[in-house]
Every structure is written in C-alpha cells, then in structure tokens.
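Notes to accompany the following structure.
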Amino acid sequence: TDESRPILTSVLVRTRDQQLTLVAADGFRLAMRTIPLAETVAHAVDCLIPARTLAELARIIGDIEGDVAMVYTPGGSHVLFHTENTEVVSRLIEGRFPDFERIIPQQYVTRTVLDSTELAKAVKLASFFASASQNVVKLKIEPAGEMGPGRIVLSANSAELGDNTSELDGSVIGEGGVIALNVKFLADAIAAVGSNQIAFEMQSAQSPAVFKPVGHDDYIHIVMPMSMR
C-alpha cells in the first residue's frame, strides 16, 4: 500500500445484487475478487475499507465457520463485520477509488496457460539475477509451431551473475509477444492466483499483464509493464 495516497491503502468493497467485489490497487498492480453473497442486497453500495482492517478481519475469522454479516452505519462513516462470536468495527476512508474497470483489459492478443508451480520456480530463479537490474524480468511468448509446443521464455540479467533464461512449455492462443515485468510483482501475482494452472494474458508490451486462475472466473490480477532496454 502507498501511505502517501490514502485511497490506495484501502480496498474498494462493492455490493451489487448477490455479489461482493473486492478491489485493491497500488498504482503498479490491481487485484479483484468476486464473492457470492448469501442474500441479495437491497441497495448497491461502494465503500473504501482500510486494507489493514480486512487483513485483521481475515486473521480473526480465518478458522470460523458460518456467515459473516457486513453492516454499514446509518451515517455511512463506519462498517461493522459480525459473526456469532466476533464483531469488528472500522471507519471508512473517504475519497474516490480509481476507475478500475477502465484498467482491466477486456480482450487479449495472447493467452498462455502454464503450470503455476513450474512458473513460480522459474520466476524465483530469475529474481536472483533481476535484483541487480531494477527487478526486470522479460517474458517472451512463442506460439506452437513445427518446432514444438507453445512456450514462454523468462530472461533476466545481472552484471555480476550474468544472464538467466528459463523455458516453460505452455498452451498459447494467439500471437507471440514480449513484455517486461517487475519480478517481485510477478511472483506475488502467481502466489495470489493460487491455482494449479495460471492463465497469462497480454495485448502488447505497453499494456497491463493479466493473470487468472484456470477454471475459475472469481479472481483477476493485473501487473503494469516495465520498459524494456
């Protein structure tokens, strides 16, 4: 979170019909999760809850079974989370959250499906080399062809350690492409998606990279690209 920009220390909590949407951003990446609600809400509500509050709430209710009720105070300045044995009250942050729907790409030029564990290993290895070069890792997507299946090539370099390259087979739909990402943000994205297979979607080297769990449509993680030298 960015303490100098209070809005980016919050999570947008949006309730619509029978769905809860949580959105967090820090200027370089964005994450969105949708959760079905037990009941249809009477009124559509958007509010900004401190990220620290939700992290503490998750810690408190992590092992609790049953529903969690979320209630807004009449003045709209606080929110109450209630379970059978626990209550958490938090103030709301004032302001306007960034237009996240404008940031999320609605289509892709290239979609690559990879094994999450293998990708995480390759990214971890690349991080040792990228740490000396502004944490930049390049991802080159190559569609399937006569020479073999589709694949992704990760590369990072260090003046002291040299170059590192890892090649992973994957299912590639669309064109090939190259993009540079912050290796730490990439590792966080893989961990956050948390599925056995991960889908990586991109439009161009200048457009956001999109990561999603394969087989589920309840989570999306976006990482802004870095410049390639």
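We did not get these values from a lab; they are worked out from the coordinates using the rules stated. Predicted model only: the values in this text are computed from it and were never measured. All Cβ positions, glycine included, derive from the backbone under ideal geometry; neighbour counts span all protein chains shown.
Structure data summary
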quantity	calculated
Mean Cβ count within 10 Å, highest first, over the residues of peptides 171-180, 65-74	171-180, 65-74
Built amide H within the under 5 Å cut-off of L20, gap 5+	I35, L37
For segment 110-223, the spread of Cα positions along each principal axis, largest first, Å	40, 35, 26
Phi to ³J(HN,Hα) by Karplus 6.51 cos²θ - 1.76 cosθ + 1.60 over segment 41-55, Hz, x for Gly, Pro	7, 6, 9, 6, 9, 10, 8, 10, 10, x, 4, 5, 5, 5, 5
Relative contact order (%) - the chain, alpha-carbon pairs under 8 angstrom, separation at least six	17
Relative contact order of segment 1-100, defined on C-alpha pairs under 8 angstrom at six or more residues apart (%)	25
Using a Förster distance of 22 Å, the FRET efficiency for E118-K140 (Cβ separation, nearest 0.05)	0.85
For peptides 48-54, 133-139, 99-105, 115-121, sequence by mean Cβ density within 10 Å, most packed first	133-139, 48-54, 115-121, 99-105
Segment 6-101 - Kirkwood radius from inverse mean 1/r over Cα pairs (Å)	14.0
Ratio of the Cα radius of gyration of the chain to 2.2 N^0.38 Å, where N counts its residues	1.15
Alpha-carbon centroids, segment 65-85 and segment 12-46: separation in whole Å	15
